[in-house]
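Right, one structure below, let's go through it.
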Amino acid sequence: MENLVLAISIIGALGIGAQWVAWRFHLPAIVLMAAAGIIAGPVLGLFSAPDAAPGTPPMEALFGEFYQPLIAVAVAVILFEGGLQLNFSDLRGLTRGVRRLVFPGVLIAWFLGAAASYLIAGLTWQAALLFGGIMVVTGPTVIIPLLRQSKLNPRPATLLKWEGIINDPLGALLAVLVYEFLLIGDHGGTSTEIISSLILASLLAIGLGYAFGRFTAAAFRRGWAPEYLKPPILLALVLICFELANLMQHEAGLLSVTAMGVTLANSRIASINDLRLFKENITIVLVSGVFIILTANLTMESLRSLDWSAFWFLVVMLFVVRPLTVFISTIGAGLPWKERLLVGWIAPRGIVAVAVSSFFGASLSAAGYLDGDKLIALAFAMVFATVVLHGFSISPLAKALGLASKERPGVLIVGASPFSAALAAKLKEMEVPVTVADASWRRLRPVRLANVPTYYGEILSEVTEHHVDLNRFGYLLALGGNEAHNALVATDLAPELGRASIYQVNARGKDEEDRKALSYTLQGRTFLHSGAPLDELVRRHYSGWIFQRTKISEEYPPEQYKKDLGGDSEIILIIRKGEIMFASREVPLKPDIGDTVLAYIPKPSEQKTEKAKEKAEKAKADAAAKSTGSEKPASA
């Protein structure tokens, strides 16, 4: 392919398309992206260049001298975004465990991985040492989605998250250490000189990242940049920090940008959540595109280089090296055996492992060392094996060990009122996990009397992050009496739960077109199809309205149910194949056979009175129609 713009368009479509399919069908995204890249690259040859030199990988021929810088910049931004997720407050009670997984865990994993690469995969000792360092990484780009998917408890989730993000740059630096050792050793440098220079450069890189992070935090806190310029300024500073560190030491920029991200994450900047969201969006685009590029850059020759030795290497890495590393490094760390067992199995590799392997594999081959090309194929095999096996096993294993919620995704109701208390009690009766949160102990009283779990405190406070595990909830109902607070809750928790899973009561009772109402961009979906305000819902509660659960079946079809429901009643939710769908103004619900419907209906006496009135009016209308019909012939 000679059209670079067309190639970039195809890469973007494949990457984002794979991400969407993964979200839609709950599959590991990295597996779909890798499959899409391999099909488009080695199998179909969509990116092959006819005028490329023989043996040149297709993507390197397509992008030319921009290929390596493109990969390097993408990895830098990905690691910075990972560092931006690391808040030291998350480490309460886990400091020793994380420290042991990093040191001596990294060194143990390096030694065992290098031994497996040399003895089983058949690599030369130089390539084995380098590849063992790369295999230390566990990859935030795959760890964090797995944690969201599996609904892990906070302790093991925090352990895996911190290990994955910290070990990524450390694995790259170990590869740098081996590479520089080999390269400088060929030019007469001593081991002491090489190691001391690398340690000094690493310390300088960490200091540089810390300085950039502190400067960025101070600049944003003092208002030296407007809000709309903060994200692009931050991106520019990340790239500058990355390149300055690389000038001091090759690939030290990975460590520097991670240190910058961690510094910013713990600097208490008011706009930190907006910056995280922006960086997360950029990272998704970069991960999607770069992973397609890396997989499409493979050749059939590199794939054929994988033999039975590669298979047994994967087996040893998965079932011996990783569990042994975690078991040895966490001795005396105070971690329960169940958490050690789970962490010892879960270690998916991601884009950093592939990108660094691609870079150093090509560099080793160019320097005259054997097996440089084999590193790339082995890295992809490791990514495939770990992501598939760990991605599909983490949820069942975590539930079997009691380290994840076995319940269906729960409902978090923010705002206690007589209506929300009654709704929560009904949800609990239907075996739907539910918690009601409110900052008023008095308003929570009816919820407590209904024996429904509560959280007493401000849901938006920093303390709440350590007491409310949002991973347990799949839906949020903002049912408070303050419209601004409901909107703030919807906006703040949208990145965690997804705006499509957040429903907000219409507190004002006015139409959407009301110019004095809050902007729709700040709100979740409008709770209930009618958009009834909270005052009206509370009035209905005191008028005796009740919640009615109905199973739709072939004997009692949806048409009959709608007819019996009446015009005043409200459908609250539908449970379809275990999935909860709340009624909203934006997406009306249509019951179907097999659904369980929860409706809010007037008390039976009111319904009978209304039906009696309807029958009387209908009878009166029929009598009038008959009377009119009998008079027509006489007049004629």
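Summary of values
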{"quantity": "Counted residues, segment 305-351 - those being among the small types (Gly, Ala, Ser) and within 23 Å of residue 147 (Cβ to Cβ)", "calculated": "6"}
{"quantity": "Qualifying residue in segment 196-206 (condition: in contact with a Ser or Thr (Cβ under 8 Å, 6 or more places away or on another chain) and surrounded by 12 or more Cβ atoms within 10 Å (Cβ to Cβ))", "calculated": "yes"}
{"quantity": "Which listed residue is within 30 Å of residue 132 (Cα to Cα), part of a helix (DSSP H, G or I) and touching a residue at least 24 places away in the same chain (Cβ under 8 Å), from 380, 419", "calculated": "380"}
{"quantity": "So residue 536, is it surrounded by 14 or more Cβ atoms within 10 Å (Cβ to Cβ), under 21 Å from residue 478 (Cβ atoms) and modelled with pLDDT of 90 or more", "calculated": "yes"}
{"quantity": "Inter-residue pairs, beta-carbon under 7 Å, first assigned to a helix (DSSP H, G or I) and in segment 179-205, second at pLDDT 75 or above and surrounded by fewer than 13 Cβ atoms within 10 Å (Cβ to Cβ), 6+ apart", "calculated": "none"}
{"quantity": "Tally of residues being in contact (Cβ under 8 Å) with a residue 60 or more places away in the chain and open to solvent by 10 Å² or more (accessible area, probe 1.4 Å) across segment 211-241", "calculated": "2"}
{"quantity": "Yes/no for residue 220 being under 19 Å from the mean Cα position of the chain (by Cα) and either among the aromatic types (Phe, Trp, Tyr) or at pLDDT 85 or above (or both)", "calculated": "no"}
{"quantity": "Out of 452, 447, 414, sole residue that is open to solvent by less than 20 Å² (accessible area, probe 1.4 Å), under 25 Å from the mean Cα position of the chain (by Cα) and of a type in the set (A, V, I, L, M, F, W, C)", "calculated": "414"}
{"quantity": "Check on residue 563, part of a helix (DSSP H, G or I) and either closer than 22 Å to residue 536 by Cβ or of a type in the set (Lys, Arg) (or both)", "calculated": "yes"}
{"quantity": "Residue 49 vs. criteria in contact with a Pro (Cβ under 7 Å, 6 or more places away or on another chain) and open to solvent by less than 70 Å² (accessible area, probe 1.4 Å)", "calculated": "yes"}
{"quantity": "Qualifying positions in segment 20-35 - closer than 14 Å to residue 387 by Cβ and in a helix (DSSP H, G or I)", "calculated": "22, 29, 30, 31, 32, 33, 34, 35"}
{"quantity": "Long-range neighbours under 9 Å by Cβ, at least six apart or interchain, first residue within 17 Å of residue 142 (Cβ to Cβ) within segment 335-351, second among the aromatic types (Phe, Trp, Tyr) and surrounded by 24 or more Cβ atoms within 10 Å (Cβ to Cβ)", "calculated": "350/291; 351/291"}
{"quantity": "Segment 1-46 - residue that is over 29 Å from the mean Cα position of the chain (by Cα) and open to solvent by 50 Å² or more (accessible area, probe 1.4 Å) and, of those, nearest to residue 379 (Cα to Cα)", "calculated": "43"}
{"quantity": "Residue under evaluation residue 132, criteria (1) over 26 Å from the mean Cα position of the chain (by Cα); (2) modelled with pLDDT under 90, criterion not met", "calculated": "(2)"}
{"quantity": "Residue that is modelled with the lowest pLDDT, among those in segment 38-66 that are at positive phi and in a loop (DSSP other than H, G, I, E, B)", "calculated": "55"}
{"quantity": "Sole residue being polar (S, T, N, Q) and farther than 24 Å from residue 536 by Cβ, chosen from 461, 440, 417", "calculated": "461"}
{"quantity": "Residue satisfying all of: in segment 338-353; at pLDDT 80 or above and over 17 Å from residue 318 (Cβ atoms); nearest to the chain's Cα centre (by Cα) among these", "calculated": "339"}
{"quantity": "Where a residue in segment 575-598 is modelled with pLDDT of 90 or more and assigned to a loop (DSSP other than H, G, I, E, B) and its partner, wherever it lies, is buried (at least 16 other Cβ atoms within 10 Å of the Cβ) and of a type in the set (D, E, K, R), with Cβ under 6 Å and at least six apart", "calculated": "595/576"}
{"quantity": "Condition check for residue 485: in contact with a strand residue (DSSP E or B) (Cβ under 9 Å, 6 or more places away or on another chain), surrounded by fewer than 20 Cβ atoms within 10 Å (Cβ to Cβ) and modelled with pLDDT of 80 or more", "calculated": "yes"}
{"quantity": "Single condition residue 442 does not satisfy, out of (1) part of a loop (DSSP other than H, G, I, E, B); (2) under 30 Å from residue 313 (Cα atoms)", "calculated": "(2)"}
{"quantity": "Residue check, residue 58 over 24 Å from the mean Cα position of the chain (by Cα), within 21 Å of residue 286 (Cα to Cα) and open to solvent by less than 60 Å² (accessible area, probe 1.4 Å)", "calculated": "yes"}
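The values are calculated or read from the model by the stated rules, or taken from the named source; none is laboratory data. In this text the structure is predicted, and so the values were computed from the model without any measurement. In this analysis, Cβ positions are derived from the backbone assuming ideal geometry, glycine residues included, and neighbour counts consider all displayed protein chains. Accessible surface is based on the protein model in full, side chains and every heavy atom, while ligands, DNA and RNA are left aside. Shrake-Rupley method; radii C 1.70, N 1.55, O 1.52, S 1.80 Å.
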